[in-house]
Amino acid sequence: MSWLDLHLEGDWDVVSPDTAPVPLREHWQRSVLVGADREGPADEPLLTASGLVRHREPLEPVLRILDDVLAPMVATFDRRDFTLLFADADGVIVDQRAGGGFAEAARRVRLQPGSVWDESQRGTNAIGTALAERRPVAVYGAAHYARPNRGLVCYATPVHDPWGDVIGVLDATSFLGRADPMTGAAVVAAAKAIEEALRISTLMRSGGSIVERLLGRLRDPAVVVMPDGRITHANRLAVDRGLALGTTYAGAPDVLRARAWARDALGLTVLELQAAGNGQLRLPGLEVEPLEMRGGRTAGWLVVLVSASPVRRVEGHDGAFDSIAGVDPEVVSIRAQAARVARSTLPVLLLGETGTGKELLARGIHMASDRAGLPFVPVNCASLTPGLVHSELFGYVGGAFTGADPAGRPGRIASADGGTLFLDELADLPLSAQALLLRFLEDGTYRRVGEERLRSADVRLVCATCKDLARLVDEGAFRRDLYYRLRGASFALPPVRCRTDRAVLCRAVLSRLARELGLPRVPTLSTEAMAYVDRADWPGNVRELRMALHHAIVMSDGATIEPWHMPMEALERARTPVEVSSRDEADAAALRRALADADGNVSEAARTLGVARSTLYRMRRKYGL
């Protein structure tokens with residue numbers, strides 16, 4: 001969610017709630033409505049020790065997590081003269097750390113445990129306004145409603161429990177002269193870490209260790225979904241299928257820190273999971289078990305995809321279609337139907353644009369058949385010239401033509417004997433070869449070039465094309481009799497631009513690339529980068545997407561992938577007419593993140609973004625950073 005940055009250019013003493021600039025005006029006017037005093041609270045005693053305990057007790061699990069999350073940050077915030085504060089959902093500060101040179105000033109303005117910083121007490125301020133707005137807030141100097149706070153800069157963001165409820169606010173405050181948006185970025189990152197740790201803690205209290213062991217033993221893909229829809233744990237089968245990201249250590253699933261959501265990965269809403277967990281809704285192919293805490297509150301759900309691996313029912317061929325990742329309904333249906341067809345002797349025709357995964361599906365059909373241990377021989381028909389197609393497919397004897405191997409060649413069909421012959425780019429097969437292929441399909445016999453002897457081969461035929469074969473038949477460019485002979489079972493793979501599971505597809509591709517490249521963890525796509533993926537048309541489909549993500553991994557050094565890490569041509573195609581403010585917001589967020597990763601080092605941030613230092617300075621001025 002985007003930041004709410006509140007500034008005031010002008011004299012605080014002469015600007016009123018009705019004359020303040022937009023968007024500050026609406027916040028100051030709300031301060032008036034809730035009864036805040038512009039001079040600050042007239043009487044602001046701190047809560048008593050017992051009163052503070054009452055506010056701290058419900059937050060004990062969170063406060064324990066603060067020790068782990070904030071401890072490494074305290075020295076940095078102390079050095080930058082920022083105090084770190086945690087307030088509860090009522091705006092009561094319950095925890096304070098760091099401060100440096102600001103520590104004494106913090107006490108003077110009552111930024112300490114036991115004080116109340118909701119908007120009714122202080123008016124517009126980062127803690128109270130973050131609670132009211134339910135989003136990150138930065139308040140600079142005179143934008144504070146109360147006079148005593150005009151010299152402060154504050155960055156605050158809400159912290160949510162696993163059910164999505166706001167349980168408090170994490171805030172960093174200092175002198176206005178110490179303002180630095182990177183501090184705000186650090187506050188948001190720390191809040192996310194707190195939320196993640198709280199999810200894990202909640203799951204552990206609900207029997208998480210048992211769940212982890214169970215995940216490792218299940219023979220079906222399985223994930224744990226939290227009440228906010230986030231997938232937090234997955235077994236290896238689910239990770240390989242692209243339903244989640246993460247790695248496993250010693251067989252135990254690691255926490256998945258990527259943005260993996262139930263709607264994207266499973267096609268389910270949280271309400272559907274609740275209904276399924278309560279037995280009120282039947283979800284075909286899924287088993288949903290609620291994970292309950294003491295007291296009966298649901299900490300999440302264990303979701304087992306019992307039908308996500310159709311070939312599991314084919315003895316000895318588990319995982320034959322694992323390379324066809326995704327949960328798009330069309331893709332899921334094709335995997336299921338292909339698994340059934342694989343066990344038959346039907347020829348298979350695969351249709352779809354270039355790069356959609358036709359050869360992967362062909363290999364899956366081979367691996368799911370009873371020919372799995374025998375050869376899979378791919379042939380690109382577009383590479384076969386009319387003069388050589390006979391010898392390439394059927395072989396030749398020594399001396400059959402000028403330049404022939406003296407020992408002869410067996411040909412592709414003989415090489416595939418007992419296994420599967422995959423004819424890719426079938427529409428480009430010359431007409432002369434079409435007649436030869438049809439004759440072979442009739443009775444399984446053929447002759448090598450230069451030989452009278454009749455040979456035979458037992459071959460399962462799988463063909464693929466990105467062209468409209470039916471139209472080519474009508475135009476006389478493809479034999480009608482061969483077309484109907486090959487079209488035993490037909491599958492049309494959807495292009496990437498038409499798939500509803502692009503986020504899942506990206507996660508699966510990134511997971512495979514990480515394994516191939518030996519990366520210690522799977523890279524993730526930022527929200528902005530995923531938006532570019534969604535908007536691009538991907539004419540090269542999965543093949544192009546894979547190369548783009550490989551490029552992005554290299555450019556990002558395995559860190560979070562941002563839009564500028566993607567190949568330029570993909571980005572240009574993704575630039576659809578959008579509102580300038582939306583693009584500016586994404587660019588500003590990217591700049592903030594690059595500067596935060598570089599700890600404010602402009603040269604390093606410029607290298608990350610792939611721009612000149614002068615360009616980065618212009619961007620900073622443009623976005624007020």
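Read-outs throughout are calculated quantities, based only on the coordinates presented, and are distinct from any laboratory measurement. In this text the structure is predicted, and so the values were computed from the model without any measurement. Neighbour counts run over all protein chains shown; Cβ positions are idealised from the backbone, glycine included.
Quick notes on this structure:
- Only Lys, Arg, Asp and Glu carry charge here, each on its Cβ (+1 for the first two, -1 for the last two); on that basis segment 342-492 has a dipole of about 260 debye about its Cα centre.
- For segment 358-398: rounded, prolate or oblate by the Cα gyration tensor [a/c cutoff 1.5]: oblate
- Formal net charge of residues neighbouring Arg409 (Cβ-Cβ distance under 11 Å; K, R +1; D, E -1): 0
- Leu388-Thr527 FRET efficiency (beta carbon distance; Förster radius 60 Å; 0.05 resolution): 0.70
- Amide N proximity, segment 338-377 versus Ala492 label position 7 Å along Cα-to-Cβ, cut-off under 12 Å: 351-353
- Mean-position separation - Cα centroids, segment 496-537 and segment 386-461, in angstrom: 41
- One chain, two ends: Val14 and Asp43. Fully extended at 0.36 nm per residue, the span grows by 8.0 nm beyond their Cα-Cα distance.
- Computed over every Cα-Cα pair of segment 74-165 and binned at 10 Å starting from 0, the pair-distance distribution P(r) comes out as 18, 52, 27, 3 percent.
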